[in-house]
1. Mind ranking 112-124, 210-222 by how tightly packed they are, going by the mean number of other C-beta atoms within 10 angstrom, highest first?
2. For Cα pairs less than 8 Å apart in space and 6+ apart in sequence, what is the mean separation divided by the residue count of segment 17-90, i.e. the relative contact order in percent?
3. Pop a pseudo-label 7 angstrom from the Cα along the beta-carbon direction at both E68 and D226 and give the gap in nm to one decimal.
4. Can you tell me the length gained on complete extension of the stretch D93 to N244, counting 0.36 nm per residue apart and subtracting the Cα distance?
5. Set the Förster radius R0 to 35 Å, insert the Cβ-Cβ distance between L259 and D75 as r into 1/(1 + (r/R0)^6), and round the FRET efficiency to 0.05.
6. Mark the label point 7 Å from the Cα of R145 along Cα→Cβ and return the residues of segment 219-245 whose backbone N is within less than 16 Å of it.
7. Explain nothing, just the number: dipole magnitude of the chain about its Cα centre with +1 on each Lys and Arg Cβ and -1 on each Asp and Glu Cβ, in debye rounded to the nearest 20.
8. What percent of all Cα-Cα pairs in segment 92-183 falls in each 5 Å bin, counting up from 0?
Amino acid sequence: MKKGRAHDDDRAGEGDERLVLGTHPVEEVLRTRPKSVRSIFVAPPPHRGPLEAIVALAKQHGVRVTSEPMRALDDRARGVRHQGVVAVCNAYDYADFEQTLAVLKDKTHALVVLLDSVQDPHNAGAIIRSACAFSADLVVVPKDRASPITAQVERAAAGTTERIPIARVTNLKRAMEALKEAGFWLVGAGTRGGTALPGFTFADKTGLVIGAEGDGLRQGVEAALDYVVTIPISERAESLNASNAAAVILYELARSRGLRAHP
């Protein structure tokens, strides 16, 4: 099952290939989907630490590795920080929403995170990272008014885009309706009104909707929710950004379900 700035470099992930940049994202894609990696470009030797591990993994999977000067890597990365490694990969393999939902429908507990018009790639990546960290089963992003999975998103997600299914849908509200039909209760992150987070009880099957930076949830999306939760914060700040709010809510949800730390 299986996909900043909304500038031209971000849209590079929407053709038949995409760039994966940085040591964590490149190592993760090599470990999880090595056949999707076409070639890797690295800074000149000697390679130590993460770069050494990446070169070894690439050779293990038969992926071509080419050394290039840092200036050439900068050009390949199109201004995005790359830590001395650029991987050219197949286009991101998004999950099929309907197929994934059919599996989740039969689970006792399930968590889906939906992004409503989250266009900043750093926020999108950070939310995906939190969704993965707190055991979400699926992330859903709309095709319009939202960041696709790009090099910047994968960098912000620290490679976790390869560890959690991400579906891309044409109509977010239709996806929300399908979740309701599958037994999910939809909860949105709000800045005012609603139920204060510490006192909220999450359903066994929850769809958590995170709104856009600044604007929050769109009116039509908010109207389709079952509940809205708010995070109590100091009056010195008006609100949290989208990724911070998502992390807090996801932690609280996981804690209420008996979150366990890794051994």
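Please treat every number below as a calculation from the coordinates, not as lab data. Keep in mind it's a predicted model, so treat the numbers as computed, not measured. As a convention, Cβ positions derive from the backbone with ideal geometry for all residues, glycine included, and neighbour counts pool all protein chains shown.
1. Per-residue Cβ counts within 10 Å, averaged per peptide and sorted highest first, yield 112-124, 210-222.
2. On the way: 128 pairs, mean separation 38.5, N = 74.
With pairs under 8 Å counted, the relative contact order is 52 percent.
3. Placing both labels 7 Å along Cα→Cβ, they lie 4.9 nm apart.
4. Details: separation 151, 0.36 × 151 = 54.36 nm, distance 2.65 nm.
So the chain would gain 51.7 nm between D93 and N244.
5. Details: r = 43 Å, r/R0 = 1.24.
Result of the calculation: an efficiency of 0.20.
6. Inside the label zone: 219-225.
7. Working: 34 positive and 32 negative charges, 123 e Å.
I would put it at about 600 debye.
8. Distribution as computed: 3, 15, 28, 27, 17, 9, 2 percent.
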